[in-house]
Each structure stands twice: as C-alpha cells, then as structure tokens.
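The values are calculated or read from the model by the stated rules, or taken from the named source; none is laboratory data. Computed from a prediction, not measured in an experiment: that's the story for all the values here. Cβ placement follows ideal geometry from the backbone for every residue including glycine, while neighbour counts extend to all protein chains displayed.
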Amino acid sequence: MQTLDNQIDTNKKTFHHPDPVEQSVIAQWLFADVLPWQQSTWQYLTRHTDRLPHAMLFAGNAGTGKRAFVYRFVAWLLCQQKHSDPHNMASACGTCDSCQWLIAGNHPNLYQLPKPSTPASYTGTKINPSKSKSPSQPIAQAPSHQPTMSIKIDDIRALQPFVVQSSAGLRIVVIHQADAMTVAASNALLKTLEEPAENVIICLISDSPSQLLPTIRSRLQAFSVSHVTPQQSLALMQKYLPQTASSTLEQASSLSGYAPFVALQMLDSEWYQHRQTWINSWQAVRSHQRTPLQASDYWQRTLALTDFLYLSQSLLVIISQFIMGLAAPPTDIDIKKLQPLPELRQIQHIQQTITQIWQDRQQHIQDKLCYDKIFSTMKMI
C-alpha cells in the first residue's frame, strides 16, 4: 500500500493565515487571481460601481479564498489607474500611490478589524502583480486552525471616527470574522449600517454568517464567492500539488467540503500524517492493549490539542461514512483495523465529547484533561 509520505511533497507551504493576518500576506492578496468560482461576482461588482451597496457580506466556507477576493476588490476600488489583467479581469495597477499605500499597510482610506500584524522585518516592498501568483506561493486563506477571537464593542466604537470623517474619496472598512462580534459590538455596528455615511463601503467577511445577528444580516447585501464545485476544488489542488495522486486530492477535497485551501492545508499539516496511528490507538484502547491514560500521554507528546481535535473529527466523519456505505475508505489508512467496527451511536458519543471539549477550552481547561476525557470515552464504548 502506498503511504501518504510517498504521495505528497513534504516541502512545507503556507496555506493557512490566521487572523490577524500579516501585512505581507495581505499585500499578496491585493493582486490575487480571481478564482473560477468568483469570476461572475467579480465581473458584476466591477461593472456596477455606480450601484454598489454601502454594506456587503462575503460569506461561505473557510478555505475558499474569500479574503483574497475582498482585498483584490479593495485594491481595485481604491486604485488610481485601474486596468485589466492578462485574463481580461478588472485589476488594480500595483504601482500607483494608492496601491503602494495598500502594500505598505498604511492606506489612509482603509480601516481593518482586526488590524494586520506587521513583523519588524516587513518594509512594504513593492510587489509586481504579474509575479505574485505562482502556484508555489499560495495566497488564499484556509483558517482550519483559526484561533478564537472576539470583536468587542470598543473595537466598533474605535472605527466610528474613520466612518464619519469628512474627507474626499472612498473609504472602506473590512471586518474579518464578523461572526465573532459580541452582541454589544453588533448593536454598535448596526447604528452605522442604519445610517450609512457618504462614500463609505463596509465589507464583512464570515465563515459562519448564521451567527451574525439577523438585524445585521438584513442590512447587508450578500455576494457569493465561496460556492466551489468538486471539479473546481480538485483542479486548484492539482495546480498546487501536481505530483500528488488524484485519489489523495479527491479524498482531502471531499473531507473539506470542497474548500480547496482547507484541503491543501490538511494535506500539508502534521496531524493529517497521524491518521493511521489515531485508528491504531483507538483499537488499542478498545482491546485493552493500552490504557486511556497511556494513549492520552502519547498524544500529548505527539500533537497539540487543537491538531488532535481536528484529527479526531476528520476521522470520525470518514469512519461514519464508511459504516453507512456512503463512501469508500481512503486508500492510505486501514479503517478495518477497528475490530469490531464501532456503531454509529458510539461515534456520535465521541463527537459529542469533542464538541464539549471545544466549549470547555473557552474556560481554559487543562489540555491533559481533554486528552484524558476523549480516550476515556473511547474505552467506555
């Protein structure tokens, strides 16, 4: 059986940029390619600038390039010398004062929440848009390990002077993870949305738009930039990992819900390489070859808790699909090592335990207790 290590290029690439994003990453997003599933929305927005809503929502699955799309749109709106790229798509020039301010991260007409991080070594070097799109340098975002963040009322209040200032030209607000706003923050933003200032566009980005207050959603015009077909997901993944077997890419793409940058990050992540070991550990605990504490100690030394939780969740989905006959098992792992195969209700019990652990982590529970709880649950069933 061919192992995953034989199939995947082990050179690490960055497919995941958690908030706050580094300014150097945003500088690349400004001139990112419009992805195939975003092209119709891009054409509509750039051809109807006289009818743009003052508040827009770009929502959908993580790992589908939403943020790169929004920043390309911001660059185009503010660009002083708009033109078309080689694909005949409207594009920012990359050389005017506005584009250079955006690259440097100091554009006076852009306000971002959260503010980008800027390493001391970043100098805002000029970027050639025609050279910023190499498949070896991923520029879209896959927040599969997105840290918990919260946008508070003080954050929203802080942007008010920017919104209400009287100045010439368009002003743009970009709010990442808008679903992370507290209720108080959402209500504060609501007042701004209800009384839009002249020449201000507010762009909200969300992986979970259902978590936005209904009153907020009702005042936003949503644009589709995240509806990816299985074929589109696979084609993009093949562009970045041309040496990887198509079957491996298809499995990762399906598991990610056809969010290609999540799938690419998954294949490149450390936890993905431990899938068979996880199955073996569960079987060892079930068969009393290892105690739950022994298994817990091993994984505490092997993976960070967040990675272990993602690993567990992904495998439980695969095992459930196999048991229900919905999908063949991946070729690089042996689910039949689990003997007898677990029942669906047992898998659901472990999933519920993991869901509870995600919630418990908000209360800063010790990681050791989380590992112990999972393996104790595995033994009981």
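Only one entry in 248, 244, 215, 277 is over 17 Å from the mean Cα position of the chain (by Cα) and more than 30 Å from residue 298 (Cβ to Cβ), namely 215. Is it the case, given these coordinates, that residue 53 is of a type outside the set (Val, Ile, Thr), assigned to a loop (DSSP other than H, G, I, E, B) and modelled with pLDDT of 90 or more? When the stated conditions are applied, residue 53 passes them. Filtering the range 355-381 to residues that are touching a Lys or Arg at 6+ places or on another chain (Cβ under 9 Å) and assigned to a helix (DSSP H, G or I) leaves 356, 357, 360, 367, 370, 375, 378, 379. Residues of the range 311-346 that are part of a helix (DSSP H, G or I) and either modelled with pLDDT of 95 or more or not aliphatic (A, V, I, L, M) (or both): 312, 313, 314, 320, 321, 322, 336, 337, 345, 346.
Let's see how each residue does on (1) in contact with a Ser or Thr (Cβ under 9 Å, 6 or more places away or on another chain); (2) in contact (Cβ under 8 Å) with a residue 24 or more places away in the chain; (3) outside the structural domain of residue 111 (by TED's automatic domain parsing):
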position: 151; (1), (2), (3): yes, yes, no
position: 200; (1), (2), (3): yes, yes, no
position: 203; (1), (2), (3): no, yes, no
position: 212; (1), (2), (3): yes, yes, no
position: 218; (1), (2), (3): no, no, no
position: 229; (1), (2), (3): no, yes, yes
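Search the range 346-375 for residues that are within 18 Å of residue 282 (Cα to Cα) and not assigned by TED's automatic domain parsing to the domain that holds residue 305 and pair each with any residue that is assigned to a loop (DSSP other than H, G, I, E, B) and modelled with pLDDT of 95 or more when their beta-carbon atoms are under 9 Å apart and the residues are at least 6 apart or on different chains. Taking only residues 6 or more apart or on different chains, not a single pair turns up. Report whether or not residue 44 is of a type in the set (Ser, Thr, Tyr) and under 18 Å from residue 109 (Cα atoms). Criteria not met by residue 44.
Criterion applied to 88, 61 was being at pLDDT below 95, outside any helix (DSSP H, G or I), within 24 Å of residue 21 (Cα to Cα) and out of contact with any helix residue (DSSP H, G or I) (no Cβ under 6 Å at 6 or more places or on another chain), and the one residue passing it is 61.
Scanning the range 177-195 for residues that are within 14 Å of residue 164 (Cβ to Cβ) and either assigned to a loop (DSSP other than H, G, I, E, B) or acidic (Asp, Glu) (or both) returns 194, 195.
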